[in-house]
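Structure, as structure tokens:
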Amino acid sequence: MRKFIAMSFIVFLAVVLTCGLAVAITGQCSNCHTMHNSQNGLGEVQTYSNGTISTGGTTPQDYLLKASCIACHAGSTGETNSFGAPIVLHTTIPTGQGAAETLAGGDFYWVADGLGNNDATGHNVSGIAGQDGSITPANTPPGFDSSATSGFAFGQVGSTWSSNQLSCDGAYGCHGMHNSTGITGAHHGNTGLTSNQCNVADTVGNSYRFLGGIKGLENAHWNWGETASTHNEYYGANSPDNRNLSSTTYFDKATISFSCAECHGYFHSRIDSSTTGGTPWRRHPTDISLPNKTEYASYNPDNSNLYSVEAPIARPTVRATSTSTVVPGGVGGTGAIVMCLSCHRAHGSPIADILRWDYTTMQAGTGTSDTGCFTCHTTKNAD
């Protein structure tokens, strides 16, 4: 009898734990899926002030989905749309970027069809950018290096872009596996509206923001309303070796900067003019520690080394909770690593080159406000 009770408890526990993983994303299945693309299960179309982007229409979608990635993550205002999905493509113009205007990646609004068609203000994603033909869709990413993902567990980003355009996921996309699988099933393995420490990243579902193999700490609200103490925590690595013009070595393929390197590999791996590493810089370094010396030791001096949401840094370890503490030169969870997202947004911004601030307004030797470039380069203005 005791053995039966014990075995019953073990079975019960296994079922509970298994179900806990299986139903990580909760809610009505019909929010996302339709059986026959009928009975009002049609794809959605998002309407803009100066045009329309087709985001599913009446075309049946793969995996019985009601609409495309774009339709599911579009909405008018706020953090999430009517069925709880985070909005990365607003149909109403945000008045700015970050904080309570956009999510962490910025917004595709500024590069969307009919709204300027400026290729510099957002990633050139198929179905969003250049719908009227004003942006050339066949475009190999600048700095592309096919060796960046050679042998990568989550697949090879397309080595020949040819007539292909960047997509949300798949072989020519950022999220999921870099093949036809994409992010299939990943939403069901994610933790949903809770902070999630992605410190393993051996599946798409447990990778940071479904970026296959990338580590980090996911803020429960995707950085909507971000503050110095409440925000995403990005993973970075101090990799000063083999970072020269002839090197194609990538020190750590789990960092947020490597996620960018999957398409812009040269910008991440080739930064020096010598074959031994060091200086002079040819490109701004990423995945390198902000040193505890000279101008860098006073990171964000207007706020006493507090984490800057304007010019954020990555950490050399994956934190379990976010923190406002930043220690230049540190090796633990409060350390500071320069990353691609220190300067850029992942999706889009109103500033050219998807920047977090207007680079053209940074004037060396003048001003006392330590914003933008001067958040790290604290002695370059007039302070």
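No lab work stands behind these numbers, since they all come straight from the coordinates. Keep in mind it's a predicted model, so treat the numbers as computed, not measured. Neighbour counts run over all protein chains shown; Cβ positions are idealised from the backbone, glycine included.
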Next item on the list: Order by neighbour count: T375, T249, fewest other Cβ atoms within 10 Å first, most last.
Entry: T249, T375
Notebook entry, point to check: Points 7 angstrom from Cα along the Cβ direction at V200 and T140: gap in nanometres?
Noted result: 3.8
Item checked: 20 °C / 1.002 mPa s Stokes-Einstein diffusion coefficient of the range 189-242, Kirkwood radius on C-alpha pairs, µm²/s -> 181
Notebook entry, point to check: Which whole-number percent of Cα pairs in the range 324-383 have a distance greater than 14 Å?
Noted result: 63
Next item on the list: Divide, for the range 153-275, the radius of gyration over alpha carbons by 2.2 N^0.38 Å, where N is the residue count.
Entry: 1.14
Check: Any idea what the dipole of the range 240-383 comes to, in debye rounded to 20, about its Cα centre with Lys/Arg Cβ at +1 and Asp/Glu Cβ at -1?
Finding: 280
Check: Given H placed 1.01 Å from N in the peptide plane, which residues other than close sequence neighbours of N196 have an amide H under 5 Å from its amide H?
Finding: E218
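What's the FRET efficiency of A297 with H344 using the Cβ-Cβ distance as r and R₀ = 30 Å, to the nearest 0.05?
Step by step, r from the Cβ atoms, then E = 0.80.
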Next item on the list: Return the Cα extents of the range 150-202 along principal axes one, two and three, sorted largest first, each rounded to a whole Å.
Entry: 40, 21, 15
Next item on the list: Could I have the simple spin-label model distance between N164 and M35, label points 7 Å from Cα toward Cβ, reported in nm to one decimal?
Entry: 3.7
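Would you mind counting up the charge near T321? Only other residues with Cβ under 14 Å from its Cβ, with Lys and Arg at +1 and Asp and Glu at -1.
Local net charge: 0.
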Margin query: Could you give the length gained by full extension between W281 and Q156, i.e. 0.36 nm per residue of separation minus their alpha carbon distance, to one decimal place?
Written below: 42.1 nm
Next item on the list: Would you mind giving the three semi-axes, in whole Å and largest first, of the ellipsoid equivalent to the range 239-383 according to its Cα gyration tensor?
Entry: 23, 18, 16
Checklist line | Separation of the E310 and D358 label points, Cα + 7 Å toward Cβ, nm | finding: 1.3
